[in-house]
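Engineer: What follows is a structure written as structure tokens; I'll ask about it next.
The values are calculated or read from the model by the stated rules, or taken from the named source; none is laboratory data. The structure displayed is predicted, hence computed values, not measured ones. Quick reminder, even Gly has a Cβ in these numbers, built from the backbone with ideal geometry, and neighbours come from all protein chains shown.
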Amino acid sequence: MFHQEKISIEELRCQFDGEVERFSNEQTGQTSSVDAPLILSIFETSIGRMYPNAQRLLDIGCGAGNFSLRITRKLPHLKLTLLDLSTKMLQKAKERLLAENFNVEETIQTDIAQTELPNEKFDIVVAAASLHHIRTQQGWKNVFNQIYRSLIPGGSFWMSDLIRHENEAIEMLQKERYAEYLCGLRDQSYQQHVFEYIDRSDTPETLAFLIRTLEESGFRQIDIIHKNIVFAALVAVKPL
């Protein structure tokens, strides 16, 4: 399912420039992501309850702004920093947020793996279906270290993403289940399209690796808040 040769970051940017509308439905989220609407709901509700006094949020790989919109409706005083590889995605996200009079403090067009984040600026960092483009395990470690440093003490990192499995038999079983989900969503040609897209574009990691790497970066209170087939959501807290 996952080949070694991947398209370049520049090719990814061009790809996302042409997919803005696909990322603009906050009711369905990315339909190819299992339980996307549920993850949106879990994030907005949990963050709203846990961080009612949060001041700043960083949305990594913000896409067209679905997660920022939903969270900021719970916490309308938030100051938002939007980061995405695609300028067109950033423009769409900013447009949607400003239309509801939310405070977009900054937009950053960049690859998160090549970015130096500010120290202890954000109460909340969100990365929804965006970090699976990191190509190496060292790259994952570097990004998690950056996110950790960017959070204030007591702040938290919320991540949902495509994952793979440690055990080959379980990986194959979950791949079959994902194929069934995609065929049920549309048809077999759509399933093949999504698998080919993953092959050339994505480099997911295992939950075990992600949790271990978050702990090595300094995070504590790491919880798996949802998992289904080849998608999972985590939250990790920076100690006070």
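Engineer: Here is a check on your reading of the model: is Arg164 modelled with pLDDT of 95 or more and over 24 Å from Ile60 (Cα atoms)? First the steps, then the outcome.
Structural biologist: Values: modelled with pLDDT of 95 or more: yes; over 24 Å from Ile60 (Cα atoms): no.
So Arg164 fails the test.
Engineer: Is at least one residue of the stretch 156-172 surrounded by fewer than 15 Cβ atoms within 10 Å (Cβ to Cβ), closer than 24 Å to Thr31 by Cβ and polar (S, T, N, Q)? First the steps, then the outcome.
Structural biologist: Keep residues of the stretch 156-172 that are surrounded by fewer than 15 Cβ atoms within 10 Å (Cβ to Cβ), which gives 166-170, 172.
Next, only the ones that are closer than 24 Å to Thr31 by Cβ stay: 172.
Applying the additional criterion that residues be polar (S, T, N, Q) yields none.
Looking through the stretch 156-172, none of the residues is surrounded by fewer than 15 Cβ atoms within 10 Å (Cβ to Cβ), closer than 24 Å to Thr31 by Cβ and polar (S, T, N, Q).
Engineer: Could you list, in sequence order, the residues of the stretch 85-100 that are touching a helix residue (DSSP H, G or I) at 6+ places or on another chain (Cβ under 8 Å) and closer than 13 Å to Ile60 by Cα?
Structural biologist: Hits for the stretch 85-100 are Leu85, Ser86, Met89, Ala93.
Engineer: Another one. In this structure, does Leu75 turn out to be out of contact with any Ser or Thr (no Cβ under 9 Å at 6 or more places or on another chain), farther than 16 Å from Ser160 by Cβ, crowded, with 17+ Cβ neighbours inside 10 Å and aliphatic (A, V, I, L, M)?
Structural biologist: So Leu75 passes the test.
Engineer: Has the stretch 119-137 got any residue that is surrounded by fewer than 18 Cβ atoms within 10 Å (Cβ to Cβ), under 17 Å from Thr213 (Cα atoms), among the polar types (S, T, N, Q) and in contact with a strand residue (DSSP E or B) (Cβ under 9 Å, 6 or more places away or on another chain)?
Structural biologist: Yes; the residues of the stretch 119-137 include at least one that is surrounded by fewer than 18 Cβ atoms within 10 Å (Cβ to Cβ), under 17 Å from Thr213 (Cα atoms), among the polar types (S, T, N, Q) and in contact with a strand residue (DSSP E or B) (Cβ under 9 Å, 6 or more places away or on another chain).
Engineer: Return yes when Thr87 is more than 14 Å from the chain's Cα centre (by Cα), among the β-branched types (Val, Ile, Thr) and under 26 Å from Phe219 (Cα atoms) and no when it is not. Walk me through how you get there before you give the answer.
Structural biologist: Values: more than 14 Å from the chain's Cα centre (by Cα): yes; among the β-branched types (Val, Ile, Thr): yes; under 26 Å from Phe219 (Cα atoms): no.
It is false that Thr87 is more than 14 Å from the chain's Cα centre (by Cα), among the β-branched types (Val, Ile, Thr) and under 26 Å from Phe219 (Cα atoms).
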